[in-house]
Amino acid sequence: MSRALSWLLLTAILGGCATEIPDAALRLPESTLEVRSLQTRTLAAPSEIDILTATIAVLQDMEFNIDRIEKPLGVITASKVTDADSANEKTGLFFLDLLCAIGGGGCDAMSTAQDDQHITLTMVVLPSLARDGEYTTRITIQRVIYDKMDRILVLERIDDAQTYQQIFDNLRKSLFIQVGEK
Amino acid sequence: MSRLLRLLPLLMLLLLASCATTPANVAGAGTQLETRQIQTREYDTLDKPMTMRSVVATLQDLGFTIDQADAELGTITATRLHDHTMRMTVAVVQKGMQRIAVRANARIGENSVTDAATYQDFFVALDKAMFLTLHKVD
C-alpha cells in the first residue's frame, strides 16, 4: 500500500508539470486535399475590389464583425459570438440534475450546458494563378464553445461541407448584387 | 507506512515546488542561434508576395485561421483551435539579393514549441505550397 502511494506521489511530481506538445502538430493531415477543396472556390469577378466588397458584404450578412483586412494578401479575418444553447441538451441535463436530486446528491449538470460560441473566420481572396479574371476564395472557420460557467467545452475547426457551400452560395449572390449595383 | 507519512511534507513541498516558475519568462529558453536555425528555412526566390501567399495557404492547410497579416513587413500570425490552442507567427524576410528566409515560431497554450521535428513538418508543408504556387496551381 505504502509503495503504491509512493509511486503515485512520484508520478504526480514528475508528471504534474509535463508539457504536452502533441506529435505531428504541424504535419499535413491526409485529408488536406479534401478539406482544401471544400473550403475553396474560384469565382469570376470584374475586379479584385468587386469580389472583396462582395465578400465583406456577405460576412456582414452573416452578422460577422471584420477584425482585420490585409488587402495585398487578400486576407479578411472576421468573428462573432453567438448563442450555443441547445434545447435538447438542456432537457437532458435538467433530467440528469433531477435524477441526482432524487438520489440525494447535487451534480449541477446544467452548469455544463453550452452557453455561447466564439466563431473566427478567415477568408483569403486572391487573383487566380491559373486563370485571368477569376479569384480564388478560401475560407477557414474555427469555434470555441463555452459552458454556463465560461469554461471551454469545445475547440474545433469547422469541416462541415454544407456550411462552406452555404457561404459560397451567399458569396455568389452577393457578387451578383455587387456587380449589378455598379 | 509511518516512514512514508514522515516523508509526506517533503513530498508535498516537492510537488508544489515542481510547478514553480520564474515570475516573467519574457526572454524564453534556448539559445538564440539554435532556435533560429530550427525555425528558419531559406528559399531560392525573390518573390515575397508569392512566398507569403504560400505561407497563408500552408497555415490554412494546417487548420489555422489568420489573426493578422502584414504584407509590407512580411509577418503572419495565426491561431488553431483543436483540442489545444496553437499560435504561430511566420516572418518572410528577403535575405541578400537572391533568397527569401521564412521563420516560424509556434506556441501551444503556455508552452513554446522547441522541437526541430515539428518545424520540419511545417516546412515540408510549406515546400509543397511553394511548389504549387510557383507552378501557378490554385
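The values are calculated or read from the model by the stated rules, or taken from the named source; none is laboratory data. Values in this document were obtained by computation on a predicted structure and should not be read as measured data. Here the Cβ positions follow ideal geometry from the backbone for every residue, glycine too, while neighbour counts run over all protein chains shown.
Annotations for the structure displayed:
- From the list B:44, B:70, the one residue that fits, being surrounded by fewer than 19 Cβ atoms within 10 Å (Cβ to Cβ), over 21 Å from the mean Cα position of the chain (by Cα) and at pLDDT 90 or above, is B:44.
- Within region A:110-134, restricting attention to residues that are more than 30 Å from residue A:72 (Cβ to Cβ) and charged (D, E, K, R), the residue that is nearest to the other protein chains (Cβ to nearest Cβ) is A:116.
- Note on region A:91-125: among residues that are modelled with pLDDT of 95 or more and among the hydrophobic types (A, V, I, L, M, F, W, C), the one that is farthest from the chain's Cα centre (by Cα) is A:125.
- Scan region A:135-152 for residues that are surrounded by fewer than 16 Cβ atoms within 10 Å (Cβ to Cβ) and either within 12 Å of chain B (Cβ to nearest Cβ) or in contact with a Cys (Cβ under 6 Å, 6 or more places away or on another chain) (or both) and the total you get is 1.
- Residue-level check: of (1) modelled with pLDDT of 85 or more; (2) in contact with a Lys or Arg (Cβ under 6 Å, 6 or more places away or on another chain); (3) assigned to a helix (DSSP H, G or I), residue A:72 misses just (2).
- Considering residues of region B:82-96 that are over 11 Å from the mean Cα position of the chain (by Cα) and in contact (Cβ under 8 Å) with a residue 12 or more places away in the chain only, the residue surrounded by the most Cβ atoms within 10 Å (Cβ to Cβ): B:92
- The number of residues in region A:57-69 being part of a strand (DSSP E or B) and touching a helix residue (DSSP H, G or I) at 6+ places or on another chain (Cβ under 9 Å) comes to 3.
- From the list A:132, A:169, the one residue that fits, being more than 11 Å from the chain's Cα centre (by Cα) and either assigned to a strand (DSSP E or B) or loosely packed, with under 12 Cβ neighbours inside 10 Å (or both), is A:132.
- Conditions (1) on the phi < 0 side of the Ramachandran plot; (2) under 15 Å from the mean Cα position of the chain (by Cα): number failed by residue B:109: (1)
- All positions within region B:52-74 that are of a type outside the set (Phe, Trp, Tyr), assigned to a loop (DSSP other than H, G, I, E, B) and within 22 Å of residue A:79 (Cβ to Cβ): B:62, B:63, B:71
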